[in-house]
1. Report the per residue volume, in Å³, of the convex hull enclosing the C-alpha atoms of the chain.
2. Once you sort the root eigenvalues of the Cα gyration tensor of the stretch 51-198 as a ≥ b ≥ c, which label holds: rounded (a/c under 1.5), prolate (a/b larger than b/c) or oblate (the other case)?
3. Could you work out the helix-only [θ] at 222 nm for the chain, with each DSSP H run of four or more residues adding -39,500 (n - 2.57) and the total divided by the number of residues, to the nearest 500 deg cm²/dmol?
4. Using only the alpha-carbon atoms, how far is helix 3-14 inclined from the longest principal axis of the chain? Give it as 0 to 90 degrees, nearest 10.
5. Once you sort the root eigenvalues of the Cα gyration tensor of the stretch 144-202 as a ≥ b ≥ c, which label holds: rounded (a/c under 1.5), prolate (a/b larger than b/c) or oblate (the other case)?
6. Among 85, 103, 35, which one moves the most in a GNM of the chain with springs linking Cα atoms closer than 10 Å?
7. Run the numbers on the chain and let me know its relative contact order in percent, using alpha-carbon pairs under 8 Å that are six or more apart.
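We did not get these values from a lab; they are worked out from the coordinates using the rules stated. As the structure is a computational prediction, the values presented were derived from the model and not from experiment.
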């Protein structure tokens, strides 16, 4: 995998194909709903305003449904892109919910594994906070990504409950994983820097970035960008998984 060409090629794939614009609009809207509600609740908390209980219940239900849908949608994306010829986003139908439902046992199992791993990291590197954070975040993310890429190939969890399974893939493709994660982190830092600079520009021109409309627009854009970054991350691990299986 040529990591320097990988991200542009990935973006080209997910922004082409039949019904791509419609699918992106749908995903943008769902990310927007989630982002607006979380921003609204966060603003109420900072203002120490206690919303109506009915509003809290409705907001919680919407957040849970959208989170489940978006998570399941990433699984359908992975399933689609196991085919090298795939382009565009998957159709936004009921399949994401089904995919999420099938993933629950495997997800709970690997969450437990990652908690144990985190406890071991804390015990071994107790006095080195930054090492703990990096190890727990990166290694857990890599292992979980490889497991769910394998699961989404056919939505089959057989043999994936084995805690040693992803370590075999890591051993075979360590160089590719290191290169991809490094490039992805650089991309993430660049995007964060752009968002920070945009905030500085708004302040320089005396545009109030704290107004409600600006906050919601900013949250929606960040939510959509974050979701696209998740798809890029998943696509990278699809390539890594395929290569490790070919070795």
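1. Values: hull volume 42.5 nm³, N = 247.
Dividing the Cα hull volume of the chain by its residue count gives 172 Å³.
2. Working: a/c = 1.32, a/b = 1.15, b/c = 1.15.
Since a/c stays below 1.5, the shape of the stretch 51-198 is classed as rounded.
3. Counting only the DSSP helices, I get -27000 deg cm²/dmol.
4. 60
5. Taking the square roots of the gyration eigenvalues as a ≥ b ≥ c, the stretch 144-202 is prolate.
6. 85
7. Answer for the chain is 32 percent.
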